[in-house]
Amino acid sequence: MGISHSSTVYDQDAHCVTLHTARVGRTRANIERHARVCFTVMEMGRLLPAEEALEFRVEYAGATIFGEADIISDEREAERALQMLLEKYAPQLRPGRDYRPPIAEELRRASAIPHRY
């Protein structure tokens, strides 16, 4: 199964990509049915125009990884994964200063899925 998702973070210590998704939905249902997945990430660079339309090119960097995904069930691990996502997308904000850290009930409303490879 391929996964397309934007809320992701790379956990270098655990050697995995973690994604945040809804508790109910296609991504979670697919992972519950079959843990073997692939995950692709890509970043687009400059457009390289040409005199002919079919000769236009684009610079990009990307990687595809293969492995297994599972649902985080441990509350501490889920909180850690969410904090890593917050630090990636809002590094200027701090828990306890700029927002209230999530409580257990809130952590149960979403899924964090580590993809180990």
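The values are calculated or read from the model by the stated rules, or taken from the named source; none is laboratory data. Computed from a prediction, not measured in an experiment: that's the story for all the values here. Heads up, the Cβs are rebuilt from the backbone with ideal geometry, glycines too, and the neighbour counts pull from every protein chain shown. Ligands, DNA and RNA are stripped out before the accessible areas are found, and what is left, the full protein with its side chains, is counted by its heavy atoms. Shrake-Rupley method; radii C 1.70, N 1.55, O 1.52, S 1.80 Å.
Over segment 1-66, with the other protein chains present, what is the accessible area per residue in square angstrom, probe 1.4 angstrom?
Details: 4990 Å² over 66 residues.
Result: 76 Å² of accessible area for each residue.
For the chain, compute Rh as the Kirkwood radius over C-alpha pairs and then the Stokes-Einstein diffusion coefficient at 10 °C and 1.306 mPa s; write the answer in µm²/s, rounded to an integer. Could the numbers behind the result be given before it?
Numbers: Rh = 16.1 Å.
Approximately 99 µm²/s, per Stokes-Einstein.
Mean residue ellipticity at 222 nm from the helices of the chain, using -39,500 (n - 2.57) per DSSP H segment of n ≥ 4 over the full residue count, to the nearest 500 deg cm²/dmol?
Numbers: 3 runs with 27 residues, N = 117.
Theoretical 222 nm ellipticity from helices: -6500 deg cm²/dmol.
For segment 35-42, in order, what is each residue's ³J(HN,Hα) by Karplus, 6.51 cos²θ - 1.76 cosθ + 1.60 with θ = phi - 60°, in whole Hz (x at glycine and Pro)?
3J(HN,Hα) across segment 35-42, in whole Hz: 7, 6, 9, 10, 9, 10, 10, 8.
Which order do the peptides 89-102, 61-74 take when ranked by the mean count of other beta-carbon atoms within 10 Å per residue, highest first? Please report the intermediate quantities before stating the final value.
Numbers: 89-102: 10.5, 61-74: 13.3.
Put in order of decreasing packing, that is 61-74, 89-102.
Rounded to the nearest percent, how much of the accessible area of segment 9-64 (1.4 Å probe, protein heavy atoms only) is carbon and sulfur?
Numbers: 2320 of 4350 Å².
About 53 percent, which is the carbon plus sulfur part of the accessible surface.
Once you have the Cα-Cα distance between Asp70 and Thr40, take 0.36 nm times their residue separation minus that, and quote the gain in nm to one decimal. Each step should come with its number before you reach the end.
Numbers: separation 30, 0.36 × 30 = 10.80 nm, distance 1.71 nm.
Using 0.36 nm per residue and subtracting the Cα-Cα distance, I get 9.1 nm.
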